[in-house]
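**Q** There's a structure below that I have some questions on.
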Amino acid sequence: MIGAERGEMIDPMLKVQRDENHLSEGLYKMVNPNFFIVGAVKAGTTLLYHYLSQHSNIYMCPIKEPHHFCTDIRCEDFSQDYRRQTCFDMEKYLNKSPLQMKHIAFIESRKQYLDLFREMKSERMAGEVSTGYLFSHNAAKEIHKFNPNAKIIMVLRESVERAFPHWVMDLRGTDVYRKSFLDAIEVD
């Protein structure tokens with residue numbers, strides 16, 4: 001596809017915007033992620049994230065799980081322990097360069113979400129992973145509204161096999177799940 005005003009070539013599969021700071025260099029800046037990894041907790045999403053991060057044509061969001069499209073899940077609904085781990089000052093985080101790797105957040109602002117992709121260079125694909133998209137009632141609709149051409153990768157694991165590692169992770173992360181494994185399953 002040829003850009004109407006300037007005659008430049010634009011890949012129609014990518015959501016691109018002319019980077020006004022580099023007009024003379026002819027560079028483009030990706031502004032929208034074009035793939036999303038949705039998966040169960042303890043199903044291998046972190047491993048897949050790290051593998052994809054090593055690919056030269058893929059830019060992965062520096063916050064592995066930004067949960068931006070989980071509009072029905074809010075930080076204020078979490079336990080105090082979990083909120084301390086996942087809800088932090090995004091403006092302070094975004095004011096640093098380069099952006100530091102973080103595991104999880106719940107980013108409500110679209111501007112802040114897109115700012116996570118500002119360090120893209122020449123990568124052709126941009127993606128992120130959020131396990132919350134799997135059980136959010138709104139995420140699929142919100143992702144489609146944001147980018148109807150986005151690719152979705154689902155990562156699942158047999159639920160009984162996944163339950164114990166998930167419980168162990170919760171034990172390490174917060175004081176909320178100080179129950180036996182069987183008690184935790186009954187509550188869930």
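**Q** Could you sort out which of Lys42/Lys111; Lys111/Lys145; Lys121/Lys151 sit more than 27 Å apart by Cα distance in this structure?
**A** With Cα atoms farther than 27 Å apart: Lys42/Lys111.
**Q** Quickly work out the Ser109-to-Leu94 label distance, labels modelled 7 Å from Cα along the C-beta direction, and quote it in nm with one decimal.
**A** Here the answer is 0.4 nm between the modelled labels.
**Q** FRET efficiency for Met154 and Glu76, Cβ-Cβ distance as r, R0 = 35 Å, nearest 0.05?
**A** 0.75
**Q** For region 16-157, what size does the Cα cloud have along each of its three principal axes, sorted from largest down, in whole Å?
**A** 50, 32, 28
Where a number appears in this text, it was derived from the coordinates with a stated rule and is not lab data. Note that the structure is predicted; figures quoted are calculated from it, not measured. All Cβ positions, glycine included, derive from the backbone under ideal geometry; neighbour counts span all protein chains shown.
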